[in-house]
Every structure is written in C-alpha cells, then in structure tokens.
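Trainee: Provided herewith is a single structure, encoded as structure tokens, for subsequent inquiry.
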Amino acid sequence: MNKKLCAQIAFLVFILILWQILYSMHIWPELLFPSVSMIGDAFIRAFTERELGVMILHSLRLLIEGLFIGVVFAFILSSLFAINENLSAIYNMLVCMFDLIPGIALIPVAILWLGIGDEAIIFMVVHSVIWPMSRSIIDGFKAVPKIYTEVGKNMGLYGAKLIFGVYLPASFERLFSGIKVGWARAWRGLISAEMVFGGGSALGIGYYITDRRTNLDISGIFATIIVIILIGIVVEYGIFRVIEKNTVVKWGMVH
Amino acid sequence: MGDGTLSTEPILHIENLHKEYDNPVTLVLNNVSFDLFREDFLCILGPSGCGKSTLIRCIAGFEKYSGTIEVDGKRVESPGSDRTMVFQDFNQLFPWITVINNIAYPLKINGMKDKAERLKKAETYLNKVGLSEYRDYYPHQLSGGMKQRVAIARAMALGSRIILMDEPFAALDAMSRNQMQDELLRIKEGEGMTVLFITHNIQEAITLGNRIMVMGNSGNIIEHMENPIEKPVTPASPGYSELWKHLNRLLRNECQLEKGQ
C-alpha cells in the first residue's frame, strides 16, 4: 500500500479516536454528541430497519438524469461559438447571470412552476450543473492550442466535426474538471432540494436527514452525512480517477 | 522536375500576393509571384520576420490575403487537405490518439470508409518513415524527431497535392536534423511529392531544394533560382561553397539593411 494512502487512513482513524475521547469526557449531552458506535449502529439501522438504501437509489437516479441533461445542454450551448459569435456572446452573459443564483433561491420557482415532484428536483440539479459546466467548456475551448484546430481544419474538419474531432478531446481535461465541479454542485443542490420538499415522487436522502432531525436522532444525522461522504468517495475514486487514468493521463496531457 | 517538358501546368500558382497586418500597419508580403510544378522541392529562405511563415500560412488557407493563390487553378479560400501543412511545433499530432490513428484519422475524414484499408495505408506510410514499431504509442511517448516523422507520414498518407513545411526541423538538434533531411529527400523521390519548404538555414535549403527562393525583409522575393548542385548534396559538392556564399551574402545584406533603418 502506498504511503499517502496510509497517511490518509491514519488521519481518519485519529479523528475517530479523538471523537470517541471527546464523547467519553461527557462535555456535551449524548443527545447532541453521540459515540462512534452509536453512529455506526444508526448507519446499519438506516439500511436494515429504515429505507435509506431505496432513498439513495432514488436520489442517484434523479442526480444522473439531471447531470446528463445539464452536461449535454452545457455542451451544445457552449459550442454555439462555432455557429455564431452573437449567440455565443448572449450565452456567455446568461452563464454569468445564472451561475450567481444559489440553487436554494430557485426552489420557490421550481415548486410553483413544476410542483413538488421529480421534475422540480431535476430542475434544481440541471441548474446547479449547467452553469459551472458551461464555464469549463467555454474556457476549455478557448484554451485549445491553435495548432490543433489548424491541423484539424487542414485535414478537412469544420463546424460540428471540428468540435467533436478536436475541441472536445483537446479540452477534455478542463471539461472533465467541469464535470467534477458540476457533480459536486448537483449533489449538494439535490440534497438541499430534497430537504425542502422531500424528494419528488419518492423520498430521497435529503428527506431522510430532515426526518432524522425531527426525530431528534443525532446519530442518524451523522450516519447520513457519512453516507453522503462515502458516495462522494466512491464517485471520485471509482469513477473519476478511472476515467482520468484512461484518458488525459494516458494521453500525456496531465501527469 | 519543373523543367516544363512534362508538367506545363503549375500545381500552385501565385501572383501579386500582398498581405498587410493592421496593427500597426505593416506590409508582410509584397508582390510575391511564383509557380510550383509537380515534384518540385522549393525551399524558401529568409531572415526571421521576413514573412516566409505568413506566405506558407496564406497558401495553407489560414490567413486572408490579396492577390492570387491557386491550387490546380482553384482559388485558395480556406484550409483543405489538398495542401497539408507540417508545422515546426512538435505538438502537431493529436495527443489523444495513437500514432497509427494520427495517420489514419485524416483518411477517415476524407472519405476512406473501410477501417482496415485506412489502417493498412497508415501502416504503409508509418513504415516509410521507419516507425512501424511505434504504431500503438501515444505522441507524448515519442521524441521530437519521431513526432515530425509521423506528421510527415500523415501528410503523405493523405496524398495532398502539395506538402507545406514550415521549418519542420528547426527545433531539432543538428544530428537529427541531418538525418531527417536525408530521409525526407529519399521519401520525396520515392513518392514524387511536391514540397514547399520554409527554412532560415542555408545548408538545409541547398541540401533539399531543387529550387531556392530568398525573401527579403520587406516581404518581397530577392532571389529565385534553380539549385545547380546535384543530389546528394554535401559541403564537398562542386559549387556548394559558392552557392552558400551567394545566399549568405543576400541574407546578410537583408539583416544589415534592417539594422541600418
């Protein structure tokens, strides 16, 4: 096992021990500061006695749908520069305007326009993905070395073919970091939305954490936070790192 | 060779070519006219900043210009695969595809539908530049000289009417450069390629070109001649030193003129 990983794991173990020591000193009431084993129990119970597993699947399904729609639209709209400069300027302005709106501020709009359902959640996810993703794509396309686009044009690529044949792979590193930012924003947007209105047609992970609060189940709240972190880690190491290794790292574009 | 017996029609016809930059207003190409015939190897020599790169970029279709540039009688309006450019920059291969695919991909774009056929053709040309065993490498795993060879193979495989070379060996060390010159000549003869080659190196121009053109600081042609020295050219070839001195004098005058102004 490599050294960095050992250090990372050792740090986490240290945090757990510190937590347990603080707990055993009884500085705060147990109702607010549970022991490590209580959180562990709540974690297991969330999946066995309660339905957190089903809720996670529901949340992830909405997340993936929203992420997909957001990325595809960001890509198409950011590629407008290849067709018309004015359209592209208008889109740049929209990105600057809408990127500033916090997702949570749009929840009232989502509820009134789309009702309390899956559509509203997906709307929130798309909003949180499309603007940062567009920024990455626009910046990434601008940073594509001129020589690649000239070589592409020289071999007969133009318009959409040039976008897919040259701009997309040449800026893949930035696009991919846009997807990473987008995914993190989407995940946060999704949970906020679910905390406000449950989780669309079915209940989601955001609902679960609110539900635990109303039940004064502090262990359950921490257990849910751990679940959120774990899903993030699985996506980072299980998906993003693997994609990176097989693309930009293999191509020698990052080290 | 462009002796006019077989190929009376030029592949490339340039007449009264002018090019100005706006900011500040500078004349980069001033009344440039010449023809390029089948299997010509025309070397364009010039001090840096004389507009020789601009000239080749105009021919490639990357720059706007006034005057006439025609390939096979058709005016050059945009880049196209009938004129493939080989750049000085080593990073002209696409880093996201392997060496073999860098050669095969332009074939696909230009309508070669059958994948096996594309790969076979790409392999043939990769073999011609002596890099068969690197077919599945990614560009970042190759040296600068190897990358330039792949770029040349890519241009040849595409079967362009003219190969435009913008100082392709200028960033190589002297030994690789000589080796690449020999290889390029060998391939050029074997394939019957038509080449327009930009350089600021007198030795390179004498070694490679069957015609040599010298550009001056004001973007005009100050010399245009047949290369009298028989191939293969070495510094010991008869007439080499006289030609070298002649070209060197022209270039040096240009440099002094510039300093004098």
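Trainee: Give me the pairs: first residue in the stretch A:142-166 and without any contact (Cβ under 8 Å) to a residue 12 or more places away in the chain and more than 7 Å from chain B (Cβ to nearest Cβ), second residue surrounded by fewer than 22 Cβ atoms within 10 Å (Cβ to Cβ) and not in a loop (DSSP other than H, G, I, E, B), beta-carbon distance under 8 Å, and six or more apart or on different chains, which are they?
Mentor: Note: pairs meeting the criteria are A:LYS161/B:ILE109.
Trainee: Among the residues in the stretch B:60-69, are any more than 25 Å from A:LYS153 (Cβ to Cβ) and outside any strand (DSSP E or B)?
Mentor: no
Trainee: Report, by residue number, each residue of the stretch A:19-43 that is exposed (fewer than 11 other Cβ atoms within 10 Å of the Cβ), part of a helix (DSSP H, G or I) and among the hydrophobic types (A, V, I, L, M, F, W, C).
Mentor: A:ILE21
Trainee: Kindly list the number of the only condition in (1) more than 14 Å from every other protein chain (Cβ to nearest Cβ); (2) hydroxyl-bearing (Ser, Thr, Tyr); (3) in a loop (DSSP other than H, G, I, E, B) that fails for B:THR124.
Mentor: (3)
Trainee: When you go through A:VAL129, A:VAL181 one by one, which is the residue that is without any contact (Cβ under 8 Å) to a residue 60 or more places away in the chain and away from every other protein chain (no Cβ under 14 Å)?
Mentor: Going through A:VAL129, A:VAL181 in turn, the sole match is A:VAL181.
Trainee: Hey, among the residues in the stretch B:8-28 that are surrounded by 14 or more Cβ atoms within 10 Å (Cβ to Cβ) and more than 18 Å from the chain's Cα centre (by Cα), which one's farthest from B:GLY73 (Cα to Cα)?
Mentor: B:LEU27
Trainee: Just to check your reading of the model, which residue among B:ASP89, B:ASP82 is surrounded by 16 or more Cβ atoms within 10 Å (Cβ to Cβ), of a type in the set (D, E, K, R) and within 22 Å of A:VAL254 (Cβ to Cβ)?
Mentor: Residue meeting the stated conditions: B:ASP89.
Trainee: Let me ask another. With respect to B:THR234, determine if the residue is more than 18 Å from B:THR54 (Cα to Cα), under 15 Å from the mean Cα position of the chain (by Cα) and either of a type in the set (Ser, Thr, Tyr) or not assigned by TED's automatic domain parsing to the domain that holds B:CYS58 (or both).
Mentor: no
Trainee: Filter the stretch B:62-79 down to the residues that are surrounded by fewer than 19 Cβ atoms within 10 Å (Cβ to Cβ), within 14 Å of chain A (Cβ to nearest Cβ) and not polar (S, T, N, Q) and list them by number.
Mentor: B:PHE62, B:GLU63, B:GLU77
Trainee: Look at B:ILE221 and say whether it is out of contact with any Leu (no Cβ under 8 Å at 6 or more places or on another chain) and closer than 18 Å to B:SER48 by Cβ.
Mentor: The answer is yes for B:ILE221.
Trainee: Here is a further query. Being outside any helix (DSSP H, G or I) and within 17 Å of A:LEU60 (Cβ to Cβ) is the filter here, so list the residues in the stretch A:201-226 that pass it.
Mentor: Across the stretch A:201-226, the qualifying residues are A:SER201, A:ALA202, A:LEU203, A:GLY204.
Trainee: Can you pull out the residues in the stretch B:198-237 that are among the acidic types (Asp, Glu) and free of Cβ contacts under 8 Å to residues at least 24 places away in the same chain?
Mentor: The answer is B:GLU226, B:GLU230.
Trainee: Residues of the stretch A:227-253 being within 14 Å of chain B (Cβ to nearest Cβ) and either closer than 19 Å to A:SER59 by Cα or exposed (fewer than 11 other Cβ atoms within 10 Å of the Cβ) (or both), which ones?
Mentor: Result: A:LYS245, A:ASN246.
Trainee: Something else about it: Just name the residue that is nearest to the chain's Cα centre (by Cα) out of those in the stretch B:95-112 that are at the interface with another protein chain (Cβ under 7 Å from one of its Cβ atoms) and within 19 Å of A:TRP251 (Cβ to Cβ).
Mentor: B:PRO106
Trainee: Criterion first (more than 14 Å from every other protein chain (Cβ to nearest Cβ) and more than 24 Å from B:ALA60 (Cβ to Cβ)) does A:GLU65 satisfy it?
Mentor: yes
Trainee: Of all residues in the stretch B:43-61, how many are touching a Ser or Thr at 6+ places or on another chain (Cβ under 9 Å), hydrophobic (A, V, I, L, M, F, W, C) and within 14 Å of chain A (Cβ to nearest Cβ)?
Mentor: Number satisfying all stated conditions: 1.
Trainee: If you don't mind, there's one more thing I want to ask. Suppose we filter A:LEU52, A:LEU67, A:LEU60 for residues that are under 25 Å from A:ILE137 (Cα atoms) and crowded, with 22+ Cβ neighbours inside 10 Å; which single one remains?
Mentor: Exactly one of A:LEU52, A:LEU67, A:LEU60 is under 25 Å from A:ILE137 (Cα atoms) and crowded, with 22+ Cβ neighbours inside 10 Å, namely A:LEU67.
Trainee: Test each condition in (1) aliphatic (A, V, I, L, M); (2) within 14 Å of another protein chain (Cβ to nearest Cβ); (3) out of contact with any strand residue (DSSP E or B) (no Cβ under 7 Å at 6 or more places or on another chain) for B:MET165 and report the one that comes out false.
Mentor: Of everything listed in (1) aliphatic (A, V, I, L, M); (2) within 14 Å of another protein chain (Cβ to nearest Cβ); (3) out of contact with any strand residue (DSSP E or B) (no Cβ under 7 Å at 6 or more places or on another chain), B:MET165 misses just condition (3).
Trainee: Something else now. Restricting the search to the stretch B:74-111, which residues are basic (Lys, Arg) and either touching a residue at least 40 places away in the same chain (Cβ under 8 Å) or not assigned by TED's automatic domain parsing to the domain that holds B:ILE56 (or both)?
Mentor: B:ARG83, B:LYS108
The values are calculated or read from the model by the stated rules, or taken from the named source; none is laboratory data. Being a predicted model, the structure only gives us computed values, none of them experimental. Reconstructed Cβ throughout: ideal geometry from the backbone, glycine too, with neighbour counts over all protein chains shown.
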